[in-house]
Structure formats: structure tokens, C-alpha cells
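See below for the structure under consideration.
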Amino acid sequence: MKTNRRIFLGTTTLAAGAGILSSFSPDGNILPRYRPMGNGLKLTFRPYELQLRHVFTIASNSRTTTAVMLTELEWEGFTGYGEGSMPPYLGESHQTATKFLSALNLSQFKDPFRMEEILNYVDAVLPGNCAAKASVDIALHDLVGKLLNQSWYRIWGYSAENTPLTTFTIGIDKSAEVIAKTKEAAAFKILKIKIGGGNDEEMIKSVRSVTNVPLCVDVNQGWKDRQEALDKIHWLKEQGVVFVEQPMDKTNFEDNAWLTQHSPLPTIGDEAMQRVSDLEKLHGVYSGINCKLMKCTGMREAHKIIEMARSLKMKTLMGCMTETSCGTSAAAQLSPIVDWADLDGNLLISNDLFEGMKVVDGKVTLSDLPGIGIRPK
Ligand code: MG
């Protein structure tokens, strides 16, 4: 059956006009290999608004929607899907992403496999615009994976069974709401609790009144005094917390480093960590980093960040924004090699457009589909 599919792929590709360099499998069957012919990459995009299931509150703000940009990259009859998610605090919007994506000329690239060249061009067109850049990067990875008929975790050489549990996030709220949301999240085997909003103890006690699963906390820079922060971390450890994310202001390297040195729990830099160039500065300041495609321009750079952090013996967390299953499935391709995953972004929305990675028994579960492993609903 596999052989027939390969021959079929080769035939349809020839019919669509793409170049093919034939090679042969050991049993003599033709395997397709694509090469550039006349046509360049075609990028299309459209704005979309995610509806959040609950009002989402962290230490700095509350919201009920998230703006995203959906992209499609076409080449020789194949389509790759991408997404850029733009929570307001990162400074991108439908307007900025439209401007950025309109400025790109991807039709100049006739070979999608030249990913370094294409994505270096995208990164250099304008500074910033990290989520808009990620929307192109993800679509390109999806396209190339589909051309190879393989998922990215396989191309990178990772094992699907090594995916971690994913956390489910409980936002800052009053006790009754926190208890209700925690009960709703009974399928998850680790929870991420947002704190730093002035009711830390109440948040944790509310959660603990209904579950014994391990917790992690995300302070979102909410703590101001390092000694007070350290006292809180000691208490949190007693409550079964396993790591503390972005305890203090991202610009305060000294206090975050002091805290990491004294803390009985690993500290994770999130707001402080964006591009791969940040990693060197954060080594020694935090025990680990939270890598998100929307902060670092996509899968290519995230792959570099995670591999580099691991070689520096730093802890790794693969995170996401509120996203459709397009964004979370792309991030999930890297999850077999991280310490923790926070890939619940698609579960926090009510209008997902894709199906892809799933959470089964609390664990990130990759789909067998090629590319980033998604199909439109
Ligand atoms: Mg965070």
C-alpha cells in the first residue's frame, strides 16, 4: 500500500508540473524527490479572532479574545498551514501582521526546501513581528513535511512516546471560580497556576482543596521583593509545586539570578526569553526557559533554542499562547525532548479550526499526519 501511495504521489506531482528526481527503493519502486521548477511559493493570509472559553487573567491583564493570523503557503499543489497568535502584551495585531506579511515576496523562492534561506529572508525584512514571522515559518514546515510525507518530530529524529504531560492553566480568579476550573481540569495530571496577583496563598489553597496533582506556578513577573519571593517558593514547594515561572521582572537579572541560586525549585524564564540570542544571557539567571513559537519566530528557531538549552543543562519548557491546534501541533513536534510542556492553548478556545495534537491521559499525543500533524476541521 505504501509503495502505491509513493507512486501515486510521484504521478500527481508530475501532473502538477513540479520537477521530480526519481530514485529507487531497495525493492525497485520509484521514490519521489522534489526539485524546484518554475513556480515560486504562494503565501495567503487572513485575520481570525479566537474566542476564549473563560476570561483569562494573569498578573498584568484580563481578556476574552486573542487575535491570530492564519497563513497558507502553496507550492505545486501542496498547502502548508501556519498561524501567528498575538496576545496584546506582545505588541502585534492584525494590523501589524497584515503590514508585515504584505511586505514579503515569497514568490522569488522556487524551492521550499531552502528553509534557511527563506526564513532568514523573512526574519530580515523587518525587525520584531515575531508571531507574524512564526505564521510563515510554521506554514513552511508544514509544507516541507507534507512534501516529504513525514511529521517534523520524525524528521528531527524524536520518539513520539517520549512526549511529556502537558499542564493546563488556571488563571487568577476568586476562590470559587478557581475551584470550579480545577474540577473541570480533572483530566490533567499537572496544572499551571497563575499567581503574582496578590492572592497567591488563596489560589494555591483553592486548587489544593480539590486536587493532589503536581502544580507549577507562573508569577508573570508579579513578585517585587526577592526575599519575600524566596519565602513563597519554600512554601510552594511544600504545596507540591515543581517549578516557578518568571518570578520577578524580566529586566531584573540580578534578583532573578539570586533567587535561582537560593531557590529549592527550578526557576523558568518566560517573558525574559524570546529569541535564541537571549539564551546565553539567561544561562545562570534561571534554571530553564519557556520556549514559545510566537516569541522566537517559529519552529526553526525553537528547535535551535531547545537543543542549545539542553546542551547548557538548562531545563526546557515548550509553551504556547492561546492558539488553534495549528500552533500547538507545530510546537508539539518538539515536545518529545523537553522537560515540561504547556500546550493547552487550543483547549482554552471555543472556535478551533484544526484537529491535530491531542491530550490523552494528560499527555501530549502527536498525530500521524505529515508536516505539523494537522488537518482543517
Ligand atoms: Mg509564562
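Quick notes on this structure:
- Sequence-distant residues sharing a close amide H with residue 343 (under 5 Å, placed H): 167
- Relative to the Cα centre, the charge distribution of the chain, modelled as +1 at Lys and Arg Cβ and -1 at Asp and Glu Cβ, gives a dipole magnitude of about 860 debye.
- The chain: calculated mean residue ellipticity at 222 nm from DSSP helix runs of at least 4, using -39500 (n - 2.57): -10000 deg cm²/dmol
- Longest to shortest principal axis, alpha-carbon extents of region 42-153, angstrom: 44, 29, 22
- Gain on full extension, evaluated as 0.36 nm per residue between residue 242 and residue 64 minus their Cα-Cα distance, stands at 61.2 nm.
- 14 Å beta-carbon shell around residue 176, net charge (K/R +1, D/E -1): 0
- Distance in nm between pseudo-label sites at residue 79 and residue 277 (7 Å out along the Cβ direction from Cα): 3.6 nm
- Toward the positive end of the charge dipole of region 217-318, with +1 on the Cβ of Lys and Arg and -1 on the Cβ of Asp and Glu, the farthest Cα among 253, 243, 277 is that of 277.
- Remark: relative contact order (region 52-181) = 29 percent; criterion is Cα-Cα distance under 8 angstrom and separation of 6 or more residues.
- Distance (nanometres) between label positions extended 7 Å along Cα→Cβ at residue 212 and residue 234: 2.7 nm
- Relative contact order of the chain, pairs being alpha-carbon contacts under 8 Å that are 6 or more residues apart, as %: 17 percent
- Taking amide H as placed 1.01 Å from N in the peptide plane, the amide H of residue 243 sits under 5 Å from that of 217, each at least 5 places away or on another chain.
- Separation of the alpha carbons by more than 22 angstrom is noted, of 174/315; 133/292; 304/363; 181/358, for 174/315; 304/363.
- Here the mean projected area of the convex hull built on the C-alpha positions of the chain is 18.6 nm².
- Estimated D of region 175-319 in µm² per second, where Rh is the Kirkwood radius over Cα pairs and Stokes-Einstein applies at 20 °C, 1.002 mPa s: 137 µm²/s
- Neighbours of residue 218, meaning other residues whose beta-carbon lies under 11 angstrom from its beta-carbon, give a summed charge of -2 when Lys and Arg score +1 and Asp and Glu score -1.
- With the charge dipole of region 198-337 set up from +1 on Lys and Arg Cβ and -1 on Asp and Glu Cβ about the Cα centre, the Cα lying farthest toward the positive end among the listed residues 329, 234, 265 is that of 329.
- Integer Hz, Karplus 6.51/-1.76/1.60 couplings in order for region 62-74, x for Gly and Pro: 10, 7, 10, 9, 9, 7, 10, 10, 9, 10, 9, 10, 10
- Share of alpha-carbon pairs per 10 Å distance bin for region 308-368, given as whole %: 24, 52, 20, 4
- Against the main long axis of the alpha-carbon atoms of the chain, helix 115-125 sits at an angle near 60°.
- Beta bridges by DSSP in the chain, antiparallel share as percent, to the nearest 5: 55 percent
- 9 Å beta-carbon shell around residue 367, net charge (K/R +1, D/E -1): 0
- Computed extension gain for residue 120 through residue 249, at 0.36 nm per residue and net of the alpha carbon distance, reaches 43.4 nm.
Every number here is computed from the coordinates shown, using simple stated rules; none is lab data. Predicted, not measured: the structure shown is a model, and the values here were computed from it. Positions of Cβ are backbone-derived with ideal geometry, glycine not excepted, and every protein chain shown enters the neighbour counts.
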